[in-house]
Amino acid sequence: MNPRGPGLLSLVPFVSVDHMMRIVWDIGVERMLVELAAYIEEDFRRWELFDKTPRIAAHSAEGVIELMPTSDGATYGFKYVNGHPKNAAAGRQTVTAFGVLSHVDSGYPMLISEMTILTALRTAAMSALAARALAPPGARTMAIVGNGAQCEFQAVAFKALAGVEAVRLYDVDPRATRKAAANLKGSGLDIAACGSSEEAILGAQIVTTCTADKRNATILTDNMIGPGVHLNAIGGDCPGKTELHRDILLRSDIFVEYAPQTRIEGEIQQLDAAHPVTELWQVLTGEAPGRRDARQITLFDGVGFAIEDFSALRYIRDQLDRTGHFVHLDLLADPDDPRDLYGMLLRHRPR
Ligand code: NAD
């Protein structure tokens, strides 16, 4: 209850990490990934309506802290997210996040939510949505290079949305691969733990890279990628942080979320600013083709864009009544007489 009276508007639903996990299990992981993908697709289909800007990044030697805002004119959303590859060694997450959704007409927040788990879910849903349009038909095997926090979410999303049946895992740290293999036991996926990235990509029609390293790493070299493969490169998402050798990019048809942001942060920071890329919304609306033939290499250069987080928050807002997993936060000072903010403070002077 609002300690100052019944002004419900000043109480903001808050979804904690614990609530988020309950929401996920009430709905089911695979079903939630499918539903999240549908929300993202719905928003990508009305792409032109949204305010769009590359995210606002504060870089340091160790990582980055970013704000990701957008609005569809009626609802505004933003995410706070960090990326600190060295955190893992100190027992912390590389990526943590929270987000807010607000009414544009009043500016009042309607939801505040944890987004560390939600980001992993939306990133996986986004990757699988892209693969549905770009991967070769009948692709059943995916390699995942980088078996950290994002890995299992990716695997399950590709099973639920893109027909993947087998996943081949590789990480420089074998403990990460063992963790991912153990977590995916019972998922219905056929899991193979591999000793190198070359071994992992053997027979894979889809290759996901989700490594974390703040440098221009070469996770995949040109000779490793044959014709017809779909690449889902999501780990390189900052200036100076990439995963693929430039020559792979030159042989690929490249698909991105929002080109102005991806040119700064994605694999394509290695290419000329004029190198042609297709924004995925164009494929989803039928304005541009996805995969055209069996020999084409398609690359989804995913960095994560604000509209995906907006969609994910919108989805969580729509689950609140259904699941009841949230609390009201006393977040906004909202006196009965809007101009009497000081009077409200006086009335609450401790006696
Ligand atoms: P994480 O730190 O939990 O896992 C990264 C893994 O990569 C680690 O297990 C590490 O051992 C492994 N790795 C590092 N260098 C490697 C190499 N050369 N070969 C193989 N494995 C290697 O991080 P995470 O949360 O899983 O995120 C992975 C990456 O994805 C990060 O860079 C993050 O910024 C990015 N990310 C992107 C999006 C997006 O929307 N595109 C969303 C979330 C995270």
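Please treat every number below as a calculation from the coordinates, not as lab data. All values reported here derive from a predicted model rather than from experimental measurement. Because the Cβ atoms are built from the backbone with ideal geometry, glycine has one as well, and the counts that use them run over all protein chains shown.
Helix 29-45 and the longest principal axis of the Cα set of the chain meet at an angle near 80°.
If you average 1/r over all unlike Cα pairs in segment 1-113 and invert the result, what Kirkwood radius do you get in angstrom? If you can, show how the numbers build up before the last one.
On the way: mean 1/r = 0.0600 Å⁻¹.
Over segment 1-113, the inverse of the mean reciprocal pair distance is 16.7 Å.
With the simple spin-label model, which puts each label point 7 Å out from Cα in the Cβ direction, the Thr285 to Thr53 separation comes to 2.2 nm.
In degrees, nearest 10, range 0 to 90: what is the angle between the Cα axis of helix 174-184 and the longest Cα principal axis of the chain? Relative to the chain, helix 174-184 is tipped by roughly 70 degrees.
Go from 0 up to the bin containing the longest alpha carbon distance in segment 65-210, width 10 Å each, and give me the % of pairs per bin. Spelled out bin by bin, segment 65-210 gives 11, 35, 30, 18, 6, 0 percent.
The lysines within cross-link reach of Lys159, meaning a Cα-to-Cα straight distance under 24 Å and a gap of 8 or more places when in the same chain, are Lys179, Lys185. Computed on the chain, the Cα convex hull volume stands at 153 Å³ per residue. Taking the number of Cβ atoms within 10 Å of each Cβ as an exposure proxy, the fewest-first ranking of Arg122, Arg46, Arg22 is Arg46, Arg22, Arg122. By the Cα gyration tensor, segment 274-351 has an equivalent ellipsoid whose semi-axes, rounded to whole angstrom, run 51, 17, 11 from largest to smallest.
Who wins for biggest fluctuation among Val104, Val207, Val256 in a Gaussian network model of the chain, springs between alpha carbons below 10 Å? Result for the chain, Cα springs under 10 Å: Val104 fluctuates most. Taking Cα centre as origin and charging only the Cβ of basic (Lys, Arg, +1) and acidic (Asp, Glu, -1) residues, the dipole magnitude of the chain rounds to 700 debye.
Hey, what D do you get for segment 213-329 in µm²/s if you plug the Kirkwood alpha-carbon radius into Stokes-Einstein at 4 °C and 1.567 mPa s? So the translational diffusion coefficient is about 82 µm²/s. Ranking Ile234, Ala182, Phe300 by Cα position along the charge dipole of the chain, where only Lys, Arg, Asp and Glu carry charges on their C-beta atoms, puts Ala182 farthest toward the positive end. Assuming charge only on the beta carbon of Lys and Arg (+1) and of Asp and Glu (-1), the dipole of segment 45-156 about its Cα centre is about 340 debye to the nearest 20. Relative to the longest principal axis of the chain, what angle (0 to 90°, nearest 10) does the C-alpha long axis of helix 306-323 take? The angle comes out at about 60 degrees. For the Cα trace of segment 160-253, dividing Rg by the Kirkwood Rh returns an Rg/Rh value of 0.96. When only the Cβ of Lys, Arg, Asp and Glu is charged (+1, +1, -1, -1), the dipole of segment 170-278 relative to its Cα centre reaches about 320 debye. Between Ser71, Ser311, Ser187, the residue with the greatest mean-square fluctuation in the GNM of the chain (Cα pairs under 10 Å linked by springs) is Ser187.
Relative contact order of the chain, taken over Cα pairs closer than 8 Å and 6 or more residues apart, is 21 percent.
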